[in-house]
1. Exactly one condition in (1) polar (S, T, N, Q); (2) under 12 Å from the mean Cα position of the chain (by Cα); (3) assigned to a loop (DSSP other than H, G, I, E, B) is not met by Asn57; state its number.
2. Where residues in the range 4-30 are assigned to a helix (DSSP H, G or I) and among the aliphatic types (A, V, I, L, M), which of them is surrounded by the most Cβ atoms within 10 Å (Cβ to Cβ)?
3. Return the only residue of Gly48, Gly62 being open to solvent by less than 70 Å² (accessible area, probe 1.4 Å) and in a loop (DSSP other than H, G, I, E, B).
4. How many residues, within the range 31-45, are open to solvent by 70 Å² or more (accessible area, probe 1.4 Å) and not in a helix (DSSP H, G or I)?
5. Which residues, taken from the range 1-42, are hydrophobic (A, V, I, L, M, F, W, C) and over 14 Å from Glu60 (Cβ atoms)?
Amino acid sequence: MMTVSRACRTCGTMQDFRRFNAAERAVVRAEKGHGHFVDDYWRCTAVGCRWYQRYLNRGEDGLLPEELKIQAVPAE
C-alpha cells in the first residue's frame, strides 16, 4: 500500500496518508452526493485519527465517522 507524508490537522504533525478504501469512499460519497469524485482523497493512518483530505487540496477535507477511525494493531 502506497503512503505519502502529509501534515495532519488532527494530529498536528506529519503523518503517513493512504488512499481511501471502498468503505471510506462510500461514506464520503454519501455525505457529499452521489456524483462527488472521491478517488483522490487520502486519509491519515495514525492510530485514532479520522482526518482525510484531497491529495493536492487541503481545503477539501474532513473527518470520517467514528467507526472508521484507525484502530491500534493488537500486540501478539
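The values are calculated or read from the model by the stated rules, or taken from the named source; none is laboratory data. Values in this document were obtained by computation on a predicted structure and should not be read as measured data. Here the Cβ is made from the backbone with ideal geometry for all residues, glycine too, and neighbour counts use every protein chain on show. Just the protein is used for accessible areas: all its heavy atoms, side chains included, with ligands, DNA and RNA removed. Shrake-Rupley method; radii C 1.70, N 1.55, O 1.52, S 1.80 Å.
1. All conditions pass for Asn57, except number (2).
2. Taking the range 4-30 and keeping what is assigned to a helix (DSSP H, G or I), we get 22-30.
If we keep only those that are among the aliphatic types (A, V, I, L, M) too, we end up with 22-23, 26-28, 30.
Working: Ala22: 7, Ala23: 12, Ala26: 12, Val27: 17, Val28: 20, Ala30: 11.
Among those that are assigned to a helix (DSSP H, G or I) and among the aliphatic types (A, V, I, L, M), it is Val28.
3. Working: Gly62 fails: in a loop (DSSP other than H, G, I, E, B).
The match here is Gly48.
4. Narrowing the range 31-45 to residues open to solvent by 70 Å² or more (accessible area, probe 1.4 Å): 31-32, 34-35, 37, 39.
Filter once more, so that each one left must be not in a helix (DSSP H, G or I): 34-35, 37, 39.
Looking only at that region, the number is 4.
5. Going through the range 1-42, the residues hydrophobic (A, V, I, L, M, F, W, C) turn out to be 1-2, 4, 7-8, 11, 14, 17, 20, 22-23, 26-28, 30, 37-38, 42.
The answer is Met1, Met2, Val4, Ala7, Cys8, Cys11, Met14, Ala22, Ala23, Ala26, Val27, Ala30.
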